Amino acid sequence: MAQMTLSRFLIEEQRDKNVISHDLRLLIEVVSRACKAISIAIGKGSLAGVLGSAGSDNIQGEVQKKLDVISNEILLDANEWGGHLAGMASEEMELPHVIPNRYPKGEYLLLFDPLDGSSNIDVNVSVGTIFSVLQCPEGMEPGEQAFLQPGARQVCAGYAVYGPTTLLVLTLGDGVNVFTLDREYGRFVMTQENVRIPEDTREFAINASNARYWEPPVKRYVDEMLAGKDGPRGEDFNMRWVASMVADVHRILSRGGIFMYPIDSKTRAQGGKLRIMYEANPMAFIVEQAGGAATDGRRRILDIQPEKLHQRVPVILGSKNEVERLASYHAA
Ligand code: AHM
Ligand code: MG
């Protein structure tokens, strides 16, 4: 059979299965093209002078890397003229981006973290783009309020991971598929269909340097894993932490695992570390669609009603049985 390119896949989802609208197909095509452009910019690295910091801070007070700014611009430029969007919001911008009046407007809202894990960029470790798509509520202006919908309302979510290969992982709410960038032809080709996350795992991901700040349930859970064969779990566990959420989540999608950025006394005042709208929600949607689970410890992430665009949230996601075990420690 001919290769299943992303374009063909999307056309069939629209025309044959009626899973997506014409405009949503266009939106995903445009986002995938932007991810290709980001992949090319990242791939040039020092040769194009794109590494290092941009000399500015973003709304979260974090230092912006040149590639954070470049990736944000690429996504904005690619998406504003197509007529498929009502508005866009990004980790790198305080307020939603207004579609200029000279362009037509559509019904979708696009949210993104243009370059997640960008602190890894200068050391040549995998980074990625995370995106989430919502519908703009009818009759509502695409200001901040329109974006504040629980993750369960997402109509599409995905991420690109710029690693040894560039991958695009996508869900339309009907399973998860993985597409690999064929650099010679410049197109994404489906390389994994309907990915499933194993329900059990012996691998965990957490920034252990925060251990002294953790809450008792997280401390208990990690201590039990660290005790290995001799502890209550009766088996050994392995730890992996890339510090790029996309890379860590992609490993979990590929072979199982549990990812944790829980609430702790260091991040309590700000509500957690990761952002709900363009990090936790899209990843939670993908993970659930692949048979995994995602919680903040006490609530399903996708059920949380966000109150602010840049709101943070604790995140625990991955292999179902492990996520449920840690949630049960929170409930105990
Ligand atoms: P970023 O969006 O500014 O890159 O921050 C998010 C990143 C995640 O990719 C990763 O999981 C986490 O922050 C890393 O945190 P830490 O610095 O504690 O290892
Ligand atoms: Mg991020």
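The values are calculated or read from the model by the stated rules, or taken from the named source; none is laboratory data. Predicted model, so just to flag it, every value in this text is computed and none were measured. All Cβ positions, glycine included, derive from the backbone under ideal geometry; neighbour counts span all protein chains shown. Accessible surface is based on the protein model in full, side chains and every heavy atom, while ligands, DNA and RNA are left aside. Shrake-Rupley method; radii C 1.70, N 1.55, O 1.52, S 1.80 Å.
Scanning the range 126-135 for residues that are within 12 Å of ligand 2 (Cβ to nearest atom) and within 15 Å of Asn281 (Cα to Cα) yields Thr129, Ile130, Phe131. In the condition set (1) more than 24 Å from Ile286 (Cα to Cα); (2) among the hydrophobic types (A, V, I, L, M, F, W, C); (3) away from ligand 1 (no atom under 15 Å from the Cβ), Val123 is compliant with all but (3).
Every residue, every condition in (1) of a type in the set (A, V, I, L, M); (2) within 22 Å of the chain's Cα centre (by Cα); (3) open to solvent by 50 Å² or more (accessible area, probe 1.4 Å), yes or no:
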| position | (1), (2), (3) |
| --- | --- |
| Leu6 | yes, yes, no |
| Ile11 | yes, no, yes |
| Lys17 | no, no, yes |
| Ile20 | yes, yes, no |
| Glu29 | no, yes, no |
| Ile42 | yes, yes, no |
| Leu47 | yes, no, yes |
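For the range 197-254, filtering for residues that are touching an Asp or Glu at 6+ places or on another chain (Cβ under 8 Å), in a strand (DSSP E or B), open to solvent by 10 Å² or more (accessible area, probe 1.4 Å) and within 16 Å of ligand 1 (Cβ to nearest atom) leaves 2.
So is His310 outside the structural domain of Gly173 (by TED's automatic domain parsing), within 16 Å of ligand 1 (Cβ to nearest atom) and assigned to a loop (DSSP other than H, G, I, E, B) or not? So His310 fits the description; yes. Here Gln149 meets the list (1) outside any strand (DSSP E or B); (2) open to solvent by 40 Å² or more (accessible area, probe 1.4 Å); (3) not hydrophobic (A, V, I, L, M, F, W, C) almost entirely, failing just condition (2). Checking each residue in the range 261-284 for being in contact with a strand residue (DSSP E or B) (Cβ under 7 Å, 6 or more places away or on another chain), outside any loop (DSSP other than H, G, I, E, B) and away from ligand 2 (no atom under 16 Å from the Cβ) picks out only Asp264.
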